Structure formats: structure tokens, C-alpha cells
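First comes the structure, then the notes that go with it.
The values are calculated or read from the model by the stated rules, or taken from the named source; none is laboratory data. Values in this document were obtained by computation on a predicted structure and should not be read as measured data. Neighbour counts run over all protein chains shown; Cβ positions are idealised from the backbone, glycine included. With ligands, DNA and RNA removed, areas are computed over all heavy atoms of the protein, side chains included. Shrake-Rupley method; radii C 1.70, N 1.55, O 1.52, S 1.80 Å.
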Amino acid sequence: MSSQEKKHILNLSALSANLLAEQEVVPRARAFARFVVEWLPESAVSVYTLMSDPEGNYWKPRSTVGEGTVHGQRIRGDSGLLGQLMENVAPLLRSGAAVKREDYPHIDIRKTLLSLCYVPLVNGENLVGALEIISFEKELTKDEVIGLEQAARVGAVALASGQAYEEERNGTFTSISRLTQLYDLEKVFSSTLEMEELLPLIGSRFSELLEAQTVNIWLLHPDETIELIHQNGKDPTSFKGQMLQPNEGVAGTISDNGESVCISDPEDPRLVERNAAGGDSSARSILAAPIMDRGALIGVVEVVNKLNGIPFDEDDLFLLTSLNDTASTALHNASLMAAERKVEILETLNTVSHEITSTLNLERMLQTIVNAPQAVIPYERAAIMLEKRGRFKLNAVTGLTQVNVDAPEIASLHEILQWACLSNEVIHVRQHDEEIDADREETRAKFKKYFADSRMRGFYARPLSDDTGRVGLLAMESSDPDFLGPAHVEIVEVLAGQATVALRNAQLYKEVPFISVLEPVLDRKRKFMAMDKFRRRAILGVSAAVVIFLAICPLPMRVDGDAVVTPLSRVQVQPEFEAVVGKVYVHEGEAVTRGQVLAEMEAWNYRSALAGSEARYQTALLQMNRALMANDGSEAGLRRVDADYWKAEVGRARELLAKAQLRAPIDGVVATPHVENLAGRRLQYGESFAEVVDTSSVVVDVAIDDSEASLLKEGSRAVVKLNSYPLRTFRGNVVLISPKGQQEGESRVFFARVLVPNPDGAIRTGMQGRGKVSVGRHTAGYVLFRRPVQWLYSRMWAWTGW
């Protein structure tokens, strides 16, 4: 063997060692290029890899050594000699005059080129790249090119394995990234319970993660039809509000059978049928998967066309299914919130209806109508004008107990309401930016000035009329032009109907009181004057004595009301996850201390998850240490990411396992009946396991009528007589007066909360009785006749306004 051959073998050994020392494509390409430059000095060497995408094959420069510059990072597959090399996988050598500029359009050189050579890099039967050699000092020979064939085979294997390593690494990073995205997605979806905000979030996130042109969200109706409730992007083959029957279209079919589909063939009959209704634009590929909530189908998500033009695959379908699992929980919570809001609306309407129909006090009724609906209708100000003898008067405005039409903030409102009363139709005017939504020019001009003065952007007025004629006008306004949705308008219609009847009754009743009051007085006067003189004097004398007694003699005064015992503190003990109660350590009525374990939940799955996470964590640490010992930094970094992930999972599993113990949050007594019988019962998340109440002291709520609430003061002494202990009197002090009244029967009451010591635990939650609160000493007349005098004054004030 010649010394030249031995040197060549040694150089190949050094090349192999240098290539094996690197794992990624670019460092290996750089080592290969440097080897070729050492073999052929005074040359410029570039290494390319052959890549492909939906647009076709292309060459990607990986490394350049020497005086040559490659334009861009993407070279067309048919460019120059590189294109010929891809068609005929064999070395190409051009020298002297045979070298043409069109053979190397992607290269920028500033010296005279003597030879241009391309050597294919073949791994097995696959062309993986090309070696480009540019000689400036001498022409290359065929023997030199042949001498590079063995090195080219070694370099091809190294580049192919480097690409496989990078693809595997990128796949791992992609999986970790998707897990992270799913975790972040769950937090984002859980950040809101508003369906109007949640649907755009789901659409945009799905579109971002799946790199899709359009995301359609369909929701199932009770009649088994599905409606396109939200669309993110543009899809001419469907539209928001579209309704599909079961087995109609892709979404309708899935709503019937619940099976996910991935349609990647543009000639699929389902796509052909869909595109026939969509015009010129077409759906080339579709993913569709059901949204399941606890085993029940609630909707379908469609993903139409990838942005990069390639069809969807099964990996994309798996990702969509995973995303649907996350979205279904958020949609379930949002639907619960919507249902709760509907219940709240019905309760508010019921409360308002009860208040305005249970009284004939016109002022109270007006205040209720303009203030109470604000809990469910998002207006900022409401007003009522009442008609009397052909004239309209502004009687009530939200937040005002008395209305002064000359006040600056009320004058413009009074003027626009007077104009609205001229119409018998509903008036709904909105301003978006500078445009006012109204049919008549006169209306637009009037509201342009009004909106500028009041800074409102939405106005709604509805006439109040019945069979006998016009009662008045109800108006609402807000700085949000779209403050009234279809549901809100329906609520206003119901409210207006109830208000019309109640206001008409109140107006009729208001005209009667003078007759009902004066007639009995005149009758008694006639009877008194018909008596003899001595009897009249005796009655007058007794009356004078009574008046003196009432005006001078002081009496202790108390206000009383029904009393109910409530605990000073009561806390519900609830599990933080769904599981079966394993052991119960307490009984009903047992005293417990804060932090004491009341019960344990079955948590074998969490224990198993903890053990599995710890095992994977130790395995990742071991693999990282092995990689560090092998001086493999990239592998060690990957294993470090795995170790950090599993370490976090271990901490999370321990937290979940700790939550399996149900502990007492306060010192107190277990109040749940037969709590020990709950062992073996499955509890849902948020379901109550037991109730712990603090009985060292109790709070007795004494219901005081609102006419006497002004006499209450914190710190006042109070006594309570409970039905369970008829011979005992419990004493305490008023610690709080409820800031908000509550309707009870025909009247509204405020609660005086009396703190009563309970050292022997005799008083139990829920006991009822009667409570009296001391409010000081007052004259006998005040004590005895305060209520009727107040009632009379309120009547006179209502009639005369004094």
C-alpha cells in the first residue's frame, strides 16, 4: 500500500471522527467542508442538503468554506448544475471554457473560476445532498473527484443521520411545546365564564395551534339541530347562524354519530358537495371532531384548510381532539354561568313584579321600576314619565329620590323624554363612532346633540299604555350603544307590561284617600256633639289628662321582631376533586379543632400518579447524568427538560394527594346529620361533605320593620326569648345593623344582629323566637303613637308633598 493511500485512509478516519463528534447537520457539514478544503487547497467548498415541501424540492446550503458566497437559504431544485445532479445522480465536473455562469447562478464569487465540480451525497439509494467544489488556482482532475467518492459516502451517512437526529429532537420539542400549549390553553379558557368572550378565544386559539384558515364552532340545540355559533376566519362554504339537520353536511353527520373525521382528499364527495354551495372558494381539507361533555355531545368543531396548503393528517386530528377535551370543560362552565344568569334574571323579574304589585305606594313603586332592574339590564340610567290630564311629568330617575327638572344633568333628559312622549312607538337610537342609527334626519339631529351633552350612546324608550289609554313612558340609556340585547328587550317588554298595570292601579288609589279619611271623622264629630254637656266635659277632662301623660311621662322604648339563631361562623367542608369517601373520623355534634382531619378520600389514582411521576423523574435524572458523563450536551439538555417536567408533576401529584384529606377549617361542631354514614359515597367537585359551625357565640337576627330601623344603633342592649327555652332570657348587644333591607310578606325589614354568648352550647342554629332591642327612653306619646303618626304623616306627604 502506497504512502498516499495510507494518508487517504488516515484522513477518512479523521473525517469520521470529526463527523461523529457532532450530532447536528450544520456542524457535520462544516467539518466535511473543511476536510475537502484540506484535500483540495485553494478551493471554495459548499455542502448542500436536499429538502422538500409542498412547493417542491430545493437545496439548502449548510456550510461554506473558502471564497464563495451562497445567495439565500433556499435554492431551486432545478438551478444550474444542481438541477442536473438531481436528475442524474453522478459527479459533474466543468473546467475552463466549459464553465458557464448559468451553471452556478446561486454563487457570488470575485475571482476567476477554473473548475466547478458537484459530487452527489448518497445514503443508500437516496440523494441527501451535494458537495460543491470551486477551484481558483488549478483545474480539478477526474482522479481528484474520484478520490472524494469515499469521503462523500461517509459525509452522506453523517448528514442523513444528523437530519434524522434533528427531526427526532424537533419532534420531542414539538411534543413538549404542545403539552405546554395545552396547559396554557386550559388556563386561558378558564379565565372567563362569559360565552361571548369564550367562543372567540376558542376559535382564535384553535386556529393558531392548528395553523388553520378557518375554525367553525357548532353548538347542538335540544331539537338535535346544530347551529354555527362562531366562525374564526373566512369560510365561504358556511356562515354564522347556519343550521344543519342530523346527517346533513360534515358537522351534522358528526352530531349524529359522534365520530371525528379527517378529510384530506379534495375529491372527497363530502368536500365536493360542500364546495358546490360555496362558490369559487373551496375547502381543500377539513378536520371535524365532536365536543363532548360528560359523555354527551354538545357541539362540533370544524377546522378548514391549513395555511401552508398541505392537507390535515391524523396528528392534526389527535391535536384537535385534545383541544376539544379542554374546550368542553370551559364551555360547560360557561353554560352553567349562562343558566345561573337566567335564573338570576327570572328571580329579579319576580322580585320586581312582587314589589310593584304588592303596594299601592306610587313613589315606592316608581323607585323600584327605575332601580331594581339594573341588576339584570345593563343600563346606566332609567326614567319614568307619567301622563296626567294630557301632560307628562318626569316622576323618577335612577339614583335620585327627588327629581329636579331644572338641574343641568336632568334638563336635557327631560327635554328628550318630552319629545319621545309625542310618539306611540318604541324608540331605540344608538350611536357608533359618529354615526347615529335612526331612520329620520330629525331624530338623528336631535340625538346627536343629546348624546354630545349627556355622553350617552344608547337610548331606549317604550310607551306604557293599557286599554284605557296612555299611562306614561319608560326610558333607559347607557354609554354603551349595544347595552340592550334581544334578551334584554324581552325583559323590558315584560317589565313595561307589569309596570303599566301597577302604575294605573296606584294612580286610581291615590285619588281616593281623602274620602276614606274625612268621612269617619265627620261621623264621630256628629256623635260627640249629640252627647249631653256633662258627658262631653268628662270626656274632655280625661282626654286632657291623657294628653299630659303622653306629653310628659317617659317610658322605656323597645323595638321587637321575629328572631332566628345563626352561627357566628359556619363553613362548608368540600372536596377539591371527585372521589369516594374512604374513612370518616367524626360524628354529628362532635367538637373539632381547626386543621383536624374529618375524613379521607379514596386517592389510589393520585398515589399511583405520584409513584409514576417520581419514577419518571428519577429515570430522567439518571439519563441526564449518563448524557453528562458521555459529554453529550444536547442529550443532557433534553433529559434536563424531562427531569424538570416530571419534577413539577411530582409536586403537583403530592398537592393533589394532600387534598384527599378533608380538614376542619375552623374550631367548632360538626353540624351535618349522620356524617359518619357518608363513608363510601362518591362526592363531586364542590359538593358539600360536612358543615362545621362555631357555637361559642351565636348571632341572633332580629327582624325590625323598616319604619323602626332608624332607631337602631350598634351597641344597643337586646334580649331574646327562644321558643325552645320559654323560661330563659338570653341577653346580648347589637353588633351590626344590616345595610340592606329584605322583603318579608307585605313589609321590608332590616336585621339587628345580636351577639349572644353561648358558653354551655344551649343555643342551637335555627332556633326561633322573639327579640327586643332597647332604643332609649321617650315620652309616652312618642312610644305609643309613633307608628300611627308616622303613617299619617307619610299619607299627608304623599297627598300634599309637605
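Being assigned to a strand (DSSP E or B) and out of contact with any Phe, Trp or Tyr (no Cβ under 6 Å at 6 or more places or on another chain) is the filter here, so list the residues in segment 28-49 that pass it. Selection gives Ser43, Ala44, Val45, Ser46, Thr49. Can Gly258 be described as open to solvent by less than 40 Å² (accessible area, probe 1.4 Å), in contact with a strand residue (DSSP E or B) (Cβ under 8 Å, 6 or more places away or on another chain) and at pLDDT below 80? The answer is yes for Gly258.
Note on segment 467-491: among residues that are over 24 Å from Lys448 (Cβ atoms) and modelled with pLDDT of 85 or more, the one that is nearest to the chain's Cα centre (by Cα) is Gly472.
Taking strands (runs of 3 or more DSSP E) as the structural unit, those lying wholly within segment 52-149 and holding at least 2 residues that are in contact (Cβ under 8 Å) with a residue 60 or more places away in the chain and aliphatic (A, V, I, L, M) correspond to 126-135. For segment 581-612, which positions are within 33 Å of the chain's Cα centre (by Cα), within 18 Å of Gly680 (Cα to Cα) and open to solvent by 40 Å² or more (accessible area, probe 1.4 Å)? Listed by number, the residues that qualify are Glu600, Glu602, Trp604, Asn605, Tyr606. Selection of segment 763-791 for residues being at pLDDT below 80 and either β-branched (Val, Ile, Thr) or under 53 Å from the mean Cα position of the chain (by Cα) (or both) yields Val783, Arg787, Val789, Gln790, Trp791.
Within the bounds of segment 705-713, is there any residue that is surrounded by fewer than 16 Cβ atoms within 10 Å (Cβ to Cβ) and more than 30 Å from Thr357 (Cα to Cα)? Yes, segment 705-713 contains at least one residue that is surrounded by fewer than 16 Cβ atoms within 10 Å (Cβ to Cβ) and more than 30 Å from Thr357 (Cα to Cα). Considering only segment 628-636, I want to know if a residue exists there that is without any contact (Cβ under 8 Å) to a residue 40 or more places away in the chain, surrounded by fewer than 18 Cβ atoms within 10 Å (Cβ to Cβ), more than 33 Å from the chain's Cα centre (by Cα) and at positive phi. Yes: one or more hits.
If you go through segment 744-802 and keep only what is of a type in the set (S, T, N, Q) and open to solvent by 60 Å² or more (accessible area, probe 1.4 Å), you end up with Thr765, Gln768, Gln790, Thr800. Residues in segment 454-493 that are in a loop (DSSP other than H, G, I, E, B) and either open to solvent by less than 10 Å² (accessible area, probe 1.4 Å) or over 15 Å from Leu413 (Cα atoms) (or both): Asp467, Thr468, Asp480, Pro481, Asp482, Phe483, Leu484, Gly485.
Inspect all residues belonging to segment 653-665 and state whether any of them is of a type in the set (D, E, K, R), free of Cβ contacts under 8 Å to residues at least 24 places away in the same chain and open to solvent by 40 Å² or more (accessible area, probe 1.4 Å). Yes, some residue in segment 653-665 is of a type in the set (D, E, K, R), free of Cβ contacts under 8 Å to residues at least 24 places away in the same chain and open to solvent by 40 Å² or more (accessible area, probe 1.4 Å). Kindly indicate which of Asn723, Asn733 is in contact with a strand residue (DSSP E or B) (Cβ under 8 Å, 6 or more places away or on another chain) and under 24 Å from Thr672 (Cα atoms). Result of the check over Asn723, Asn733: Asn723. Would segment 772-792 turn up any residue that is more than 30 Å from Ala551 (Cα to Cα) and in a strand (DSSP E or B)? The answer is no; no qualifying residue exists. Within segment 438-451, the set of residues being under 15 Å from Ile410 (Cα atoms) and either touching a helix residue (DSSP H, G or I) at 6+ places or on another chain (Cβ under 8 Å) or open to solvent by less than 70 Å² (accessible area, probe 1.4 Å) (or both) comprises Tyr450, Phe451. Residue count for segment 399-433, restricted to those that are open to solvent by 60 Å² or more (accessible area, probe 1.4 Å), touching a strand residue (DSSP E or B) at 6+ places or on another chain (Cβ under 6 Å) and either farther than 20 Å from Arg462 by Cβ or not in a loop (DSSP other than H, G, I, E, B) (or both): 2.
With the condition kept exactly as written, say whether any residue in segment 358-372 is touching a residue at least 24 places away in the same chain (Cβ under 8 Å), in a loop (DSSP other than H, G, I, E, B) and among the aliphatic types (A, V, I, L, M). Looking for residues that are touching a residue at least 24 places away in the same chain (Cβ under 8 Å), in a loop (DSSP other than H, G, I, E, B) and among the aliphatic types (A, V, I, L, M), one finds at least one in segment 358-372, hence yes. The sole residue among Ala382, Ala396 that is buried (at least 20 other Cβ atoms within 10 Å of the Cβ), in contact with a strand residue (DSSP E or B) (Cβ under 6 Å, 6 or more places away or on another chain) and touching a residue at least 60 places away in the same chain (Cβ under 8 Å) is Ala382. The set of residues in segment 58-75 being at pLDDT below 85 and open to solvent by 40 Å² or more (accessible area, probe 1.4 Å) consists of Gly66, Glu67, Thr69, His71, Gly72, Gln73, Arg74.
In this structure, is Phe689 aromatic (Phe, Trp, Tyr), touching a helix residue (DSSP H, G or I) at 6+ places or on another chain (Cβ under 9 Å) and within 30 Å of Leu598 (Cβ to Cβ)? So Phe689 passes the test. Among the residues making up segment 261-317, those that are assigned to a loop (DSSP other than H, G, I, E, B), under 21 Å from Leu228 (Cβ atoms), open to solvent by 10 Å² or more (accessible area, probe 1.4 Å) and among the polar types (S, T, N, Q) are Ser281, Ser282. Of all the residues in segment 100-118, those that are hydrophobic (A, V, I, L, M, F, W, C) and surrounded by fewer than 19 Cβ atoms within 10 Å (Cβ to Cβ) number 2.
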